[in-house]
Amino acid sequence: MEMNASQTARHYGISRKTFHKWFNVFEEDNLYTLYLLENQSQAPHHTRQREITQLEKRRIIKLRKRWIRYGKIKLVKKYEQEYGETISSWKVQITIEKYKLYYHPIKTARISKKRAKSRKLGAKKKTIELISNLPNYKKTSGYIICLDTIVIHWFGLKRYIFNGIDKYGKVAYARMYKSKSSLNGKDFLDRLNYLLDGNVPRVEHDNGTEFEKYFKQACLELGIEQCYLRVRTPKDNPDCGRFNQTLQTEFINLGNFNSDPDEFN
């Protein structure tokens, strides 16, 4: 049965234009043309170019050098505030990558190489979920709040920063105290609960003393369930760990620290 171009294209799931292009190259008496058709590049002749102007590059470089620890999303906001124009985050990202605008270029290159190797090997990092015995576990905003405390040493003084972060919503809150007593832990929990309109169903934290006694009493009064992490296993609470790093590099290290809790808070 003979088939025309339209029927042939429809049968093989290709366009009529593609059929005619291949038909014009193929020669029945020349098998080399079949080899050319099978091995020709499938890449498009014209690809979309990255549309970023020199002015945008200069502005991004200026902002990145001023806020070297800020990520692309925050730099987008700074760009809008500084120049009154919007810019996409990928433009910021490619500029940072092209000019290697990193706080620790050598360290960043080493980490990138390690990540690329992991992807090549098909390795996947899995976060250990330690919320055992919780019915109907859901990865939704507001389901669980991760808590942690960090200590800041400042010219012989110690200051403690309590912080909490929504594991999936990523909203975070931090407050400084002069000690990490359970009474201060209770105060922090009360403030956090107030800020979230009482929507704190459960908290996840380590076995620190700040999460005992008065803190426990506050959890009972507010109907908040406590979930404990494993001992000496910081990887079980990566959300607070990453937030602590952001707090240190993007706030404290930029000259915003004050040993007076009232001023700092």
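Brief remarks on what is shown
- Dipole of the chain, positive end: most advanced residue of I73, Y99, I150 [Cβ charges, Cα centre]: Y99
- Built amide H within the under 5 Å cut-off of D148, gap 5+: N163
- Springs between Cα atoms under 10 Å define the GNM used for the chain, and in it the highest mean-square fluctuation of K65, K213, K98 occurs at K98.
- Rounded to the nearest Hz, the phi-derived 3J(HN,Hα) couplings of region 11-18 under the Karplus curve 6.51 cos²θ - 1.76 cosθ + 1.60 (θ = phi - 60°) are 5, 9, x, 10, 7, 5, 5, 5, where x marks glycine and proline.
- Residue order, fewest to most surrounding Cβ atoms within 10 angstrom, among F162, F23: F23, F162
- Between E51 and K74, the FRET efficiency from the beta-carbon distance, with R0 = 30 Å, is close to 0.85.
- Positive dipole terminus of the chain, leading residue within G185, T246, I14 (C-beta point charges): T246
- Database remark: amide H of D206 closer than 5 angstrom to the amide H of L229 (H placed geometrically; neighbours at sequence offset of 5 or more, or on other chains; Pro and chain starts carry no H).
- The dipole here belongs to the chain: it is taken about the Cα centre, uses +1 on the Cβ of Lys and Arg and -1 on the Cβ of Asp and Glu, and is about 1140 debye.
- Summed side-chain charge close to Q245 - residues other than Q245 whose Cβ falls under 13 Å, Lys, Arg +1, Asp, Glu -1: -1
- For the peptides 220-230, 143-153, the ranking by packing is 143-153, 220-230, with the highest mean count of neighbouring Cβ atoms within 10 Å listed first.
- Here is the size of region 159-265 from its Cα atoms: Rg then Dmax, 13.7, 39 Å.
- Qualifying lysines (Cα of each under 18 Å from Cα of K57; at least 8 residues distant if same chain): K65, K72, K74, K77, K78, K91, K98, K100
- D262 paired with L157, simple spin-label distance in nm, labels 7 Å along Cα-to-beta-carbon: 1.3 nm
- Across region 54-120, the mean sequence separation of Cα contacts (distance under 8 Å, 6 or more residues apart), normalised by length, yields a relative contact order of 30 percent.
- For region 253-263, backbone phi angles converted through the Karplus equation (6.51, -1.76, 1.60; θ = phi - 60°) give residue-by-residue couplings of 5, 8, x, 9, 7, 9, 5, 7, x, 4, 5 Hz, Gly and Pro being listed as x.
- Rounded FRET efficiency, nearest 0.05, which uses the C-beta distance separating T86 from S41 and R0 of 45 Å: 0.75
- Once the Cα-Cα distance is subtracted from the 0.36 nm per residue extended length, the W22 to Y99 segment shows a gain of 23.4 nm.
- For region 211-265: Kirkwood Rh in Å [reciprocal of mean 1/r, alpha carbons]: 14.1 Å
- Calculated mean projected area of the Cα convex hull in nm² (choose from [x] 17.1; [y] 25.1; [z] 16.0), label: [y]
- Unit charges on C-beta of K, R, D, E only; dipole of region 131-243, Debye: 340 debye
- Secondary-structure-derived ellipticity at 222 nm for the chain, considering helices only, amounts to -13000 deg cm²/dmol, per-run term -39500 (n - 2.57) for DSSP H runs with n ≥ 4.
- Structural descriptor for the chain: relative contact order 12 percent, calculated from alpha carbon pairs under 8 angstrom and at least 6 residues apart.
- Stretching N4 away from K170 to a fully extended chain increases their span by 53.8 nm, per 0.36 nm per residue minus the current alpha-carbon distance.
- Stretch gain in nm, segment T140-L183, where the contour uses 0.36 nm per residue and the Cα spacing is subtracted: 12.5 nm
Where a number appears in this text, it was derived from the coordinates with a stated rule and is not lab data. Since the model is a prediction, treat every value here as computed from it, not as a measurement. Every residue, glycine among them, receives a Cβ derived from its backbone with ideal geometry; neighbour counts consider all protein chains shown.
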